[in-house]
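The values are calculated or read from the model by the stated rules, or taken from the named source; none is laboratory data. Values in this document were obtained by computation on a predicted structure and should not be read as measured data. Note that we place each Cβ from the backbone using ideal geometry, even for glycine, and neighbour counts take in every protein chain shown. Just the protein is used for accessible areas: all its heavy atoms, side chains included, with ligands, DNA and RNA removed. Shrake-Rupley method; radii C 1.70, N 1.55, O 1.52, S 1.80 Å.
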Amino acid sequence: MEAASISHNNFEQCIKCTICTVYCPVLKVNPAFPGPKHGGPDHERLRLKNPEFYDEALKYCLNCKRCEVACPSNVKIGDIIQSARIKHQKKPGKIRDFLLAHTDFMGTMATSFAPLINPVLGLGISKAALDGVLSIDRHRAFPKYTGQKFETWMKKQAETQSRYPEQVSYFHGCYVNYNNPQLGKDLVKIFNALGIGVQMLKNEKCCGVPLISNGYIGKAQKNGKSNLKAIRESVMDKNIPIVASSSSCTFTLRDEYPHLLDIDNTEVREHIEYATRYIYRLFSNPDRIKKLKFTDRKLNVVYHVPCHMKKMGWEIYTIELLKLIPNIKLTTFDSNCCGIAGTYGFKKENYKASQEIGKPLFDMIERSGADYVVSDCETCKWQIDMSTSQTCHHPLSFLAQILTN
Amino acid sequence: MKFDTILIGGGLAGLTCGIQLVGQGKKCLIVSSGQSALHFSSGSFDLLNQVNGEAISNPIEAIDRLSILNPSHPYAKIGKANVVSYARQAKALLERTGVETVGEENKNHFRITPLGILKPTWLSVPDYAVSPDDKALPWKKVSIFNIAGFLDFHPTFICEQFEKMGTQSDILTIDTPELDILRRNPSELRATNISQLFENETAFRNLAGIMRKGRNHSEAIIIPACLGLNGNSISKLSAMIDCPVYMIPTFPPSLAGIRSQRRMMKYFQKSGGYYMLGDVVNNIQIAPDGSFQVTTGNHGDVRFCSSNLVLATGSFFSRGIVALRNKIVEPVMGLDTYSSDDRNEWYAENFFDDQKYQYYGVKTNDTFQVMKEGKVIENFYAAGAILSGFNPLKEGCGSGVSLLTALHIAGQILKK
């Protein structure tokens, strides 16, 4: 009876308890946002009656899903809001949003001219121009573009990698490809140390997360379908699982595809892994894990759990992996959003809110006196790098740095 | 992933049991499907307020009578001597986690509801207004301040009730420029957001200034419970204006409840406990050796194994038990429940009567081990609101049952 009378995003199950509003990071700093309860289940009723009830202020939602994690009734509040945005929001028009959303297009352009682009993007005058013309906030530090794409490097490794009897297909994402190929190389180093070869997916496209949040749904669906085809080929035809190093790419491939883009990934979903979870599975074979030898230096490490990692509940795997380090003092911060939310914090209209949301986290990091700050998400890294005196490392890059073999 | 004990449900009972176990070096995992009912808490913890419809002032003295009248009551199963010792342990445990309380197990005091009525209770957080007496308040004159535009607090009701008890009150309004930003969204002007706003020192000083100016020789200042979630406590405010300030609970969300939940959860995690929020247990398998294998929605085929299992998933509200058309079921494992098969017996006509459904929950033996198809499942316990045999509303024993059964179960597990 229940199944028949409840919509696919189950807004009817909201009992108006207000718990989600306590955990919404935006509501605390931006009263223009109607909040998860109103913007989600409450307004959904009205929107079903008449789409004119759609409130453009839903654009302030970070899609962090902390409302969903907190909800005692398992209402998919974040999905309700994102679906409403997809269905009703004004079509994107700003050049800025196009540029921020199309990370692969931007990446391809920028990597070709990286030596020129990086210094130019760092100039005060360029930042002023971006701010004035494109409304990209002038305070924002741009991630550097690489001169050589990860894919280019990876192609040269194909033969060496194919020698390993066990293989994974690596969904590297735009960040590794255009900004931080070193993270991809670190993943290859660690997987190789565990006796696993790494190969690329055929024709990987941007997972779609920046496209979804900027309203380019058609393009996101197109990318999604292409990725799913490549993933199916790897998983179903070759029996090779997928491993990603970005928590948000992982989350999008697994959950946003079916929930927001209407792409059915049922057959392969369980084979799309985040890297630390894949490694965790090898714990059942202690001899194998012993192949990872880490420094015995005393290390004070802070781990910031990204929102999408928290939503998946998978921080436990990164934590267990970090605990393999012999003399680690690990502190986990899991209840604060860093505020950047992908491309959100780049936008001039969101910059202030973005920094206010992140402030409690920045303060905790500054107070921690950590030797290393670690986080799974690339945009959390940008935010922490820019807003604290620390540099944030991906867990795999951190592990690769302290690996002694 | 291997654990000594897996606890399903991360509210008052699950956390209490988990904290007690990790404190003794046991590896514990809590799986919690969203935030708990502590978010609606009054800020007080009740032990026992009524037996058979009669108000009682000393819960401990009443345990014997309760046990004779209702031998399946959780307190009857725990036994009077244990109730006393667990009640003291519970207070100490709360304090260890940073949830300080006032009150004793052998004498109820009185909390003030959001409507200004006095209700008996066992422990209260010290920044909330309480009275030792059920008919009078400790002050002759108070100033009640409300936040301008705050819809979850109603000073007029409180003022009227206070007057009946011989206490005069002025109603005043707090309006600072800092509040303007929150008021732009009146329906989201909530206790927790207000608390965060007053963590700012300037805003906090402004607040103190308004109270100092407006108090007009009152003996105490009453405000809605919207301060001190993280910083800038009530004691600091009292010292700044040289007048005692107390809070009265608001409509939900509950500041004191959220604060208690956060402190207990942090303490549990700091002591080495694993807390998985926003996840649902899909399946529990019992291995031939009697150990448990749990799978969840978030973790797919990754199994969580343990020697003990504690079910603390709450009552109807938290969906620890679910009412179908003609039966009451426990949804995780299909455990035996205590309930009537005749739906007509579930409810009494008058809403305020002793409702039978309140007593429904899972069946357990005297050590709170659950049953399936009439057989006890070894090392599988149920704690808190999911249990049967008591009426938390009528008897005023909900928090007490959660705290005490959790400690009793932890004791059983630690004895092994």
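Just to be sure I understand, how many residues within region B:219-264 are within 20 Å of B:Q35 (Cα to Cα) and open to solvent by 30 Å² or more (accessible area, probe 1.4 Å)? Qualifying residue count, region B:219-264: 5. Residues in region A:357-388 that are within 20 Å of the chain's Cα centre (by Cα) and among the acidic types (D, E): A:D376, A:E378, A:D385.
For region A:334-351, the condition of being of a type outside the set (A, V, I, L, M, F, W, C), over 30 Å from A:H259 (Cα atoms) and not assigned by TED's automatic domain parsing to the domain that holds A:V26 holds for none of the residues. When region A:100-109 is filtered for residues that are open to solvent by less than 20 Å² (accessible area, probe 1.4 Å) and without any contact (Cβ under 8 Å) to a residue 40 or more places away in the chain, nothing remains. Inside region B:63-76, residues that are open to solvent by 10 Å² or more (accessible area, probe 1.4 Å) and not in a loop (DSSP other than H, G, I, E, B) make up a count of 6. The set of residues in region A:266-306 that are of a type outside the set (G, A, S), under 18 Å from A:S245 (Cβ atoms) and in contact with a Ser or Thr (Cβ under 6 Å, 6 or more places away or on another chain) comprises A:Y274, A:T276, A:Y303, A:H304, A:P306. Residues in region A:26-36 that are surrounded by fewer than 24 Cβ atoms within 10 Å (Cβ to Cβ) and at pLDDT 95 or above: there are none.
Of the residues B:R184, B:R190, B:R215, which single one is surrounded by 21 or more Cβ atoms within 10 Å (Cβ to Cβ), touching a Pro at 6+ places or on another chain (Cβ under 7 Å), among the basic types (K, R) and not assigned by TED's automatic domain parsing to the domain that holds B:A87? So that I can check it myself, show each step before the final result.
On the way: B:R184 fails: surrounded by 21 or more Cβ atoms within 10 Å (Cβ to Cβ); B:R215 fails: touching a Pro at 6+ places or on another chain (Cβ under 7 Å).
Every option except B:R190 fails the conditions.
Of everything listed in (1) closer than 21 Å to B:L255 by Cα; (2) part of a helix (DSSP H, G or I); (3) aromatic (F, W, Y); (4) under 28 Å from the mean Cα position of the chain (by Cα), the single unmet condition for B:F162 is (1). Evaluate the following for B:F157: is it aromatic (F, W, Y), away from chain A (no Cβ under 12 Å) and closer than 30 Å to A:E356 by Cβ? No, not satisfied. Screening region B:24-41 for residues that are out of contact with any helix residue (DSSP H, G or I) (no Cβ under 8 Å at 6 or more places or on another chain) and of a type in the set (G, A, S) and picking the one that is nearest to the other protein chains (Cβ to nearest Cβ) gives B:S33.
Pick from B:T167, B:T176, B:T156: which is among the hydroxyl-bearing types (S, T, Y), more than 27 Å from B:R263 (Cα to Cα) and at pLDDT below 95? Exactly one of B:T167, B:T176, B:T156 is among the hydroxyl-bearing types (S, T, Y), more than 27 Å from B:R263 (Cα to Cα) and at pLDDT below 95, namely B:T176.
For region B:79-121, the set of residues classified as closer than 21 Å to B:E395 by Cα, among the hydrophobic types (A, V, I, L, M, F, W, C) and part of a helix (DSSP H, G or I) consists of B:A81, B:V83, B:V84, B:A87, B:A90, listed by residue number.
Per the listing A:V302, A:V268, A:V243, the residue uniquely farther than 22 Å from A:I196 by Cβ and either within 14 Å of chain B (Cβ to nearest Cβ) or crowded, with 19+ Cβ neighbours inside 10 Å (or both) is A:V302.
Residues in region A:193-204 that are surrounded by 17 or more Cβ atoms within 10 Å (Cβ to Cβ) and of a type outside the set (A, V, I, L, M, F, W, C): 3 in all.
In summary, helices (runs of 4 or more DSSP H) completely within region A:190-270 and bearing 3 or more residues that are aliphatic (A, V, I, L, M) and at pLDDT 95 or above occur at A:217-232.
Entry remark, region B:27-55: residues being more than 15 Å from the chain's Cα centre (by Cα) and among the polar types (S, T, N, Q) number 5 in total. Being aliphatic (A, V, I, L, M), over 25 Å from A:L211 (Cβ atoms) and away from chain B (no Cβ under 11 Å) holds for only one residue in A:L27, A:L58, A:L48, and it is A:L48. State which residue pairs qualify: first residue farther than 25 Å from A:F191 by Cβ and inside region A:218-245, second residue in a helix (DSSP H, G or I) and not small (G, A, S) in any location, beta carbons under 6 Å apart, and separation of 6 or more residues or different chains. Partner pairs satisfying both residue conditions: A:K219/A:L211; A:A220/A:L211; A:A220/A:I212; A:G224/A:Y257. Any residue at all in region A:352-374 that's in contact (Cβ under 8 Å) with a residue 40 or more places away in the chain, part of a loop (DSSP other than H, G, I, E, B) and touching a helix residue (DSSP H, G or I) at 6+ places or on another chain (Cβ under 7 Å)? Within region A:352-374, not a single residue is in contact (Cβ under 8 Å) with a residue 40 or more places away in the chain, part of a loop (DSSP other than H, G, I, E, B) and touching a helix residue (DSSP H, G or I) at 6+ places or on another chain (Cβ under 7 Å). Candidates are the residues of region A:69-99 that are aliphatic (A, V, I, L, M) and closer than 22 Å to A:F33 by Cα; the one that is surrounded by the most Cβ atoms within 10 Å (Cβ to Cβ) is A:I77.
Of the strands (runs of 3 or more DSSP E) lying entirely inside region B:246-321, those containing at least 1 residues that are away from chain A (no Cβ under 12 Å) and touching a residue at least 60 places away in the same chain (Cβ under 8 Å) span B:281-286, B:292-296, B:304-311.
Within region B:4-19, the presence of at least one residue that is within 14 Å of another protein chain (Cβ to nearest Cβ) and either farther than 30 Å from B:R190 by Cα or open to solvent by 30 Å² or more (accessible area, probe 1.4 Å) (or both) is confirmed. Is at least one residue of region B:201-210 under 25 Å from the mean Cα position of the chain (by Cα) and either surrounded by fewer than 20 Cβ atoms within 10 Å (Cβ to Cβ) or not hydrophobic (A, V, I, L, M, F, W, C) (or both)? No, the conditions are met nowhere in region B:201-210. Of the residues A:N74, A:N63, the single one that is at positive phi and either away from chain B (no Cβ under 14 Å) or free of Cβ contacts under 8 Å to residues at least 24 places away in the same chain (or both) is A:N63.
Would you confirm whether or not region B:162-181 contains a residue that is within 14 Å of chain A (Cβ to nearest Cβ) and free of Cβ contacts under 8 Å to residues at least 24 places away in the same chain? Yes. Looking across region B:127-173 at every residue that is in contact with a helix residue (DSSP H, G or I) (Cβ under 6 Å, 6 or more places away or on another chain) and small (G, A, S), the one that is least open to solvent (accessible area, probe 1.4 Å) is identified as B:S169.
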